[in-house]
Amino acid sequence: QVQLVESGGGLVQAEGSLRLSCAASKNIFSVSVMGWYRQAPGKQRELIAAITRGGSTNYADSVKGRFTISRDNAKNTMYLQMNSLKPEDTAVYYCNAKFGLYDGWGQGTQVTVSS
């Protein structure tokens, strides 16, 4: 079973930056569609950034131009660089990996943006 572990969350002021990491216990990134999701209190979990096996990326409109998803296959790690953070970005952030029948999630990392 593959484990995903997020890190890098924390408290930051508006307009600040954070970089989240998602480390996998096995080398799956080159064969997976990877994504970052977030869930704010009282809201549904939403996909905000994704990267395909070929390296193509997609972003939700709410984060486009501010967040960047990337991965390092050699390190089995995916990243989410978050710039110009806003209070509405406050949420628990989760990484996700899909390949074949596998659909795995990390435990989540809290990001809090103060105004």
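The values are calculated or read from the model by the stated rules, or taken from the named source; none is laboratory data. Just so it is clear, the structure is predicted and the values come from calculations on it, not from any experiment. Cβ sites come from the backbone with ideal geometry, for glycine too, and all protein chains shown count toward neighbours. The protein model used for the area step is the full one, side chains on, heavy atoms only, and it has no ligands, DNA or RNA in it. Shrake-Rupley method; radii C 1.70, N 1.55, O 1.52, S 1.80 Å.
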*How much net charge surrounds Asn76 when only other residues with a Cβ under 14 Å from its Cβ are counted (Lys, Arg +1; Asp, Glu -1)?*
+1
*Please report, in debye to the nearest 20, how large the charge dipole of the chain is about its Cα centre when each Lys and Arg carries +1 at its beta carbon and each Asp and Glu carries -1 there.*
220
*Restricting attention to region 8-59, which trypsin sites (Lys or Arg not before Pro) occupy a DSSP loop and are surrounded by at most 13 other Cβ atoms within 10 Å?*
Lys26, Lys43, Arg53
*asked:* In Å², and per residue, what accessible area does region 1-53 have when probed at 1.4 Å with the other protein chains present?
replied: 55
*Ignoring ligands, DNA and RNA, what percent of the 1.4 Å accessible area of region 1-79 is carbon and sulfur?*
45
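Would you mind estimating how fast the chain diffuses translationally, via Stokes-Einstein at 10 °C and 1.306 mPa s with the Kirkwood radius over Cα pairs, in µm²/s?
114
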*Where the centre of each part is set by its Cα atoms, how far does region 20-68 sit from region 75-115, in angstrom?*
7
*So if we plug the beta-carbon distance of Asn27 and Ser114 into 1/(1 + (r/R0)^6) with R0 = 35 Å, what FRET efficiency do we get, rounded to 0.05?*
0.40
*Straight-line reach from Lys64: which lysines have Cα under 23 Å away, leaving out those fewer than 8 places along the same chain?*
Lys43, Lys86, Lys98
